[in-house]
Amino acid sequence: MSSKRQHRLRGTLAFSLSLWYAGVFTLSSFVAFLAFYLLMKSDIQDRTHREFLNEFQEYSSLLSIKGFDTLKTVMALEAESEGIGKIFFRIVTPEGHVLASSNLSSWGDIGVGRVALKRLAGGVDHVFETLEHPGEQGTTLILYGTLAPGKILQMGQSLAENKRFMRAFRGIFIKLQLFLMVVAGLIGWFMAKRALSGVEEVTRTAREISKGALERRVPLKTRGEEIDRLAVTFNSMLDRIDALMKGMREVTDDIAHDLRSPITRIRGIAEMTLTTGHSVEEYQTLAATTIEECDRLLEVVNTMLDISEVEAGAGVLKIEKLDLAGVVRDACALFQPIAEDKGIRINAEIPDFCLMRGDIRKLQRLVANLLDNALKYTPLEGVVEVFLNGDDERVILSVRDKGIGIPPEDLPHIFERFYRCDQSRSEPGVGLGLSLALAIARAHGGEIKVKSASGEGSVFSIHLPRSPLTP
Ligand code: ADP
């Protein structure tokens with residue numbers, strides 16, 4: 001593996017996770033092994049001590065039953081059968097004079113411990129000593145105990161066998177530890193790679209998208225909740241960006257399409273006046289038409305900007321406490337002259353107060369747009385009704401007219417920008433009023449519902465929460 005690849009590998013999350021996993025696993029198995037090792041060591045030591053004491057008891061009984069000579073013979077035989085280099089016996093007086101012993105030829109000048117004799121004389125039952133013997137015996141365990149008055153038994157046993165066993169155990173332990181370390185590293189690597197495979201998929205998708213494959217999405221599998229949640233969030237973010245980009249494209253197309261006709265019209269009138277017109281009146285008419293068309297264009301551009309601003313989300317709203325009943329009452333009063341001109345009656349059923357939180361300017365525009373439409377699309381001498389009610393959570397404002405209504409095929413499109421039903425083209429308007437109204441309602445966390453039938457009239461109901469969620 002090249003050093004660059006090695007370096008890259010070392011920087012990955014999978015590498016650090018597997019390293020951590022291997023480290024923690026090795027450390028905990030080491031602690032477990034160590035505890036087991038120490039326990040076993042102390043158990044072996046206890047057992048050796050117990051066996052020594054049992055043997056001592058047997059010799060003590062043998063002395064009292066069979067006498068000193070039999071004891072001497074048994075000890076000598078025992079040492080021969082066990083191995084004279086592994087075990088020895090010596091019977092001494094409390095002053096340390098040797099009365100009898102097994103074959104001590106392999107034990108060099110091993111002596112009698114004065115301290116142990118003194119402790120026995122002081123009344124202690126038995127004394128254990130461990131000493132490092134220079135010969136093949138190595139560490140040796142020695143037991144002193146009083147067999148009978150004036151007779152003290154000194155028994156010695158080499159612990160070399162025990163030591164060899166513990167060394168072998170340590171060897172196995174180290175090899176096992178190394179093996180576990182490698183296995184833990186591999187398992188950790190496998191687990192980390194598996195857990196992070198989803199992240200790699202997200203990265204791959206993001207890379208493909210940045211290269212231009214905007215339609216790509218992270219495939220969903222059940223790899224683990226977190227990764228799937230990341231994939232879902234990532235995909236919904238992409239959907240949102242996609243929708244915004246489509247929206248922007250639509251807006252650009254709409255603007256291009258809708259501005260082209262008035263500009264072409266202005267240009268045509270100007271050209272005609274230039275080529276055919278001679279009188280001041282004709283130039284004045286040109287100027288008046290130009291101003292009119294420019295106003296219309298400005299209105300379109302401004303409304304488009306308002307819609308974009310509101311669609312950016314609730315963040316742009318100036319949320320404050322307001323009385324929607326007051327807002328609706330003011331709007332009805334504002335539209336009263338227009339209604340009177342057409343002989344239309346506005347019936348308003350509005351409570352004294354309807355407190356809520358929202359952007360008052362935007363809500364005024366929303367109510368005005370709906371009232372404007374209701375009056376615009378209601379024939380002379382008609383009736384427009386306005387209801388305002390609600391509960392603790394939300395308020396509902398309904399504007400009902402008995403006007404021309406909306407044909408079913410147009411109903412799904414009326415909230416689209418610049419959409420106008422064929423039957424209403426004779427009325428003034430640019431087809432942006434309802435788009436703005438819906439954007440305002442949605443920015444407040446609300447919605448607009450429509451019921452309409454051709455020739456029977458329409459009901460627009462705005463549902464708004466009393467307190468919109470602020471970001
Ligand atoms: P406009 O400026 O044309 O009124 P809107 O976005 O407000 O634009 O409305 C879109 C279209 O929906 C209108 O052109 C009209 O055809 C239809 N519409 C809206 N409100 C009503 C209504 N109250 N009655 C009948 N048709 C309506």
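Pull up the range 359-388, narrow it to residues that are among the small types (Gly, Ala, Ser) and modelled with pLDDT of 95 or more, then point me to the one that is farthest from Leu322 (Cα to Cα).
Ala374
Would a scan of the range 339-346 turn up a residue that is outside any strand (DSSP E or B), within 30 Å of Gly445 (Cβ to Cβ) and open to solvent by less than 80 Å² (accessible area, probe 1.4 Å)? Outline the logic, then answer.
From the range 339-346, those outside any strand (DSSP E or B) are 339-344; that's our starting set.
If we keep only those that are within 30 Å of Gly445 (Cβ to Cβ) as well, we get none.
Scanning the range 339-346, I find no residue that is outside any strand (DSSP E or B), within 30 Å of Gly445 (Cβ to Cβ) and open to solvent by less than 80 Å² (accessible area, probe 1.4 Å), so the answer is no.
Name every residue in the range 437-451 that is open to solvent by less than 30 Å² (accessible area, probe 1.4 Å) and either within 8 Å of the ligand (Cβ to nearest atom) or not in a helix (DSSP H, G or I) (or both), in order of residue number.
At the first step, the residues of the range 437-451 found to be open to solvent by less than 30 Å² (accessible area, probe 1.4 Å) are 437-441, 443-444, 446, 448.
Passing the criteria: Ala437, His444, Gly446, Ile448.
Considering every residue within the range 355-373, establish whether at least one is farther than 27 Å from Pro468 by Cα, open to solvent by less than 40 Å² (accessible area, probe 1.4 Å) and in a loop (DSSP other than H, G, I, E, B).
no
Would you confirm, using the coordinates I've provided, whether Pro428 is on the phi < 0 side of the Ramachandran plot, surrounded by fewer than 16 Cβ atoms within 10 Å (Cβ to Cβ), out of contact with any strand residue (DSSP E or B) (no Cβ under 9 Å at 6 or more places or on another chain) and in contact (Cβ under 8 Å) with a residue 24 or more places away in the chain?
Spelling it out, Pro428 is indeed on the phi < 0 side of the Ramachandran plot, surrounded by fewer than 16 Cβ atoms within 10 Å (Cβ to Cβ), out of contact with any strand residue (DSSP E or B) (no Cβ under 9 Å at 6 or more places or on another chain) and in contact (Cβ under 8 Å) with a residue 24 or more places away in the chain.
With the checklist (1) assigned to a loop (DSSP other than H, G, I, E, B); (2) surrounded by fewer than 16 Cβ atoms within 10 Å (Cβ to Cβ) in hand, flag the one item Ile404 doesn't pass.
Among (1) assigned to a loop (DSSP other than H, G, I, E, B); (2) surrounded by fewer than 16 Cβ atoms within 10 Å (Cβ to Cβ), Ile404 violates only (2).
Taking the conditions exactly as written (away from the ligand (no atom under 15 Å from the Cβ), open to solvent by less than 20 Å² (accessible area, probe 1.4 Å) and part of a helix (DSSP H, G or I)), does Val395 satisfy them or not?
Criteria not met by Val395.
Identify, from the list Val316, Val280, the residue that is in contact with a helix residue (DSSP H, G or I) (Cβ under 8 Å, 6 or more places away or on another chain) and either open to solvent by 50 Å² or more (accessible area, probe 1.4 Å) or among the aliphatic types (A, V, I, L, M) (or both). Step through it out loud before you land on a result.
Details: Val280 fails: in contact with a helix residue (DSSP H, G or I) (Cβ under 8 Å, 6 or more places away or on another chain).
Being in contact with a helix residue (DSSP H, G or I) (Cβ under 8 Å, 6 or more places away or on another chain) and either open to solvent by 50 Å² or more (accessible area, probe 1.4 Å) or among the aliphatic types (A, V, I, L, M) (or both) holds for just one of Val316, Val280, which is Val316.
Limited to the range 219-263, what total is found for residues that are touching a helix residue (DSSP H, G or I) at 6+ places or on another chain (Cβ under 8 Å), more than 16 Å from Leu432 (Cβ to Cβ), part of a helix (DSSP H, G or I) and charged (D, E, K, R)?
The number of residues fulfilling the criteria is 1.
The values are calculated or read from the model by the stated rules, or taken from the named source; none is laboratory data. From a predicted model like this one, the values you see are computed outputs, not experimental measurements. Using ideal geometry, Cβ is built from the backbone for each residue, glycine included, and neighbour counts are taken over all protein chains shown. With ligands, DNA and RNA removed, areas are computed over all heavy atoms of the protein, side chains included. Shrake-Rupley method; radii C 1.70, N 1.55, O 1.52, S 1.80 Å.
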